[in-house]
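Participant: Can you read through this structure? Questions will come right after.
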Amino acid sequence: MPLDVPASAGQDRWSGYVEPEPGLALPCTIIRGRRPGPKLLVTAGVHGAEYSSIEAARRLTALDPDRLAGELTILPVVNIKAFWSHQPYVNPLDGKNINRVFPGDANGTASDRLAAWLVQTAMAGMDGYVDLHCGDIIEALLPFAIFRDGDARSGELASASGLPYVVRSSAGGHSYGAATAMGIPGVLLESGGNGLWSEDSVGLLETGVARIMAKLGMLSDMSGTRPAPRVCQMAVTKAPVSGYWHPAVTPGANVERGAAVGIIHDLVGPGKRTILAEHSGPILYHVTSLAITEGEPLVGIAI
């Protein structure tokens with residue numbers, strides 16, 4: 001069933017709160033265009049400290065209905081408990097990363113239930129889905145889009161975003177993959193990071209959504225040409241040990257396979273482990289935290 005919000009005659013914008021379950025209220029805006037057209041869902045704040053994405057979604061709520069064909073639904077802060085507690089990655093209600101549990105479980109823990117609500121209620125009846133993200137408090141990255149590998153319609157939307165890298169992914173548990181499994185083209189856009197937001201990082205996401213809306217026929221064509229994105233996959237190197245992480249690369253740097261991407265120093269004594277690139281290519285993101293635990297991601301390389 002679709003979101004249960006007022007739809008009074010002639011109302012072109014509704015803003016308020018929706019409740020996936022009692023006691024959990026999420027901000028929501030629905031903008032109804034002057035002309036019929038597709039329905040698009042935009043979410044942000046699945047990770048509550050990814051501020052560029054949340055600010056971009058907030059700005060999209062001001063879109064003029066006169067410019068719009070169809071209907072735009074925006075949920076700017078999905079992981080509201082993490083947002084208020086300034087907590088990266090996980091939902092403080094159960095310690096889970098919501099963007100690893102899609103399509104969710106209505107009978108599961110808090111994150112499972114929220115993911116299930118997004119899939120079964122918020123995504124229902126949509127013609128497209130965009131999930132806005134950025135590097136979290138401990139991540140620096142290049143702007144990129146992600147789509148489910150093999151889904152041509154999602155790939156077209158990812159490329160239409162104008163972001164310089166488009167990543168094909170077959171990983172499970174993610175929001176855009178859940179949309180694709182329902183037959184809804186879905187993409188995830190990333191820009192910004194390290195617990196900061198800037199006009200540039202927010203603008204890339206806001207413009208990326210507008211370009212996707214133009215591709216769907218919801219907005220007029222965006223003016224100007226842009227370079228074709230690099231379509232790639234992402235290879236992630238994980239920490240073999242815990243310790244102090246000293247990265248030796250920055251987003252955008254090109255590395256050769258076997259080159260050092262950083263060092264993990266032991267907590268006690270002079271011991272250290274040099275981390276080598278497992279592939280050649282540009283660095284899409286790296287973790288900036290000094291603290292790193294075994295198994296955590298360190299760098300992502302476009303291949």
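Derivation of every value follows stated rules applied to the coordinates shown; laboratory data play no part. The structure displayed is predicted, hence computed values, not measured ones. Note that we place each Cβ from the backbone using ideal geometry, even for glycine, and neighbour counts take in every protein chain shown.
Participant: Can you give the FRET efficiency for E156 and W14, using 1/(1 + (r/R0)^6), R0 = 35 Å, r = Cβ-Cβ distance, to the nearest 0.05? Write down the numbers at each step before the final one.
Facilitator: Details: r = 30 Å, r/R0 = 0.85.
It comes out at approximately 0.75.
Participant: Applying a 10 Å radius around every beta-carbon, put 237-248, 11-22, 35-46 in order of their mean neighbour count, most first. Walk me through the intermediate numbers first.
Facilitator: Working: 237-248: 16.5, 11-22: 13.2, 35-46: 21.7.
My ranking of the peptides, most packed first, is 35-46, 237-248, 11-22.
Participant: Tell me, V249, V202 in order of fewest to most beta-carbon neighbours within 10 Å? Don't jump to the answer; show the numbers that get you there.
Facilitator: Values: V249 20, V202 23.
Least crowded to most crowded, the residues run V249, V202.
Participant: If you don't mind, another one. Using helices alone, I'd like the mean residue ellipticity at 222 nm for the chain: each DSSP H run of four-plus residues gives -39500 (n - 2.57), total over residue count, nearest 500. Before the final figure, lay out each step's value.
Facilitator: Values: 6 runs with 58 residues, N = 303.
-5500 deg cm²/dmol, from helical runs alone.
Participant: Right, something else. Can you list residues from other chains, or at least 5 along the same chain, whose modelled amide H is less than 5 Å from the amide H of V255?
Facilitator: When sequence neighbours closer than 5 places are left aside, the close amide H contacts are G281, I283.
Participant: Modelled label-to-label distance, A228 and I303, 7 Å Cα→beta-carbon offset: nm?
Facilitator: 2.3 nm
Participant: What shape does segment 13-230 take by its C-alpha gyration tensor, where a ≥ b ≥ c are the square roots of the eigenvalues and a/c under 1.5 counts as rounded, a/b above b/c as prolate, and the rest as oblate? Can you show the working numbers first?
Facilitator: On the way: a/c = 1.38, a/b = 1.22, b/c = 1.13.
Because its axes are fairly even, with a/c under 1.5, segment 13-230 counts as rounded.
Participant: Run the numbers for A106 and L267: contour at 0.36 nm per residue of separation, minus the present Cα-Cα distance, in nm.
Facilitator: Length gained, A106 through L267: 53.8 nm.
Participant: Relative contact order of the chain: what whole-number percent is it, with Cα pairs under 8 angstrom and at least 6 residues apart? Could the numbers behind the result be given before it?
Facilitator: Details: 792 pairs, mean separation 48.3, N = 303.
After rounding, I find 16 percent.
Participant: Count the lysine pairs in the chain whose Cα atoms lie under 21 Å apart, taking only pairs 8 or more positions apart in sequence or on different chains. Show your work: numbers first, answer last.
Facilitator: Values: K39/K215; K81/K96; K96/K238; K238/K272.
Count of close lysine pairs: 4.
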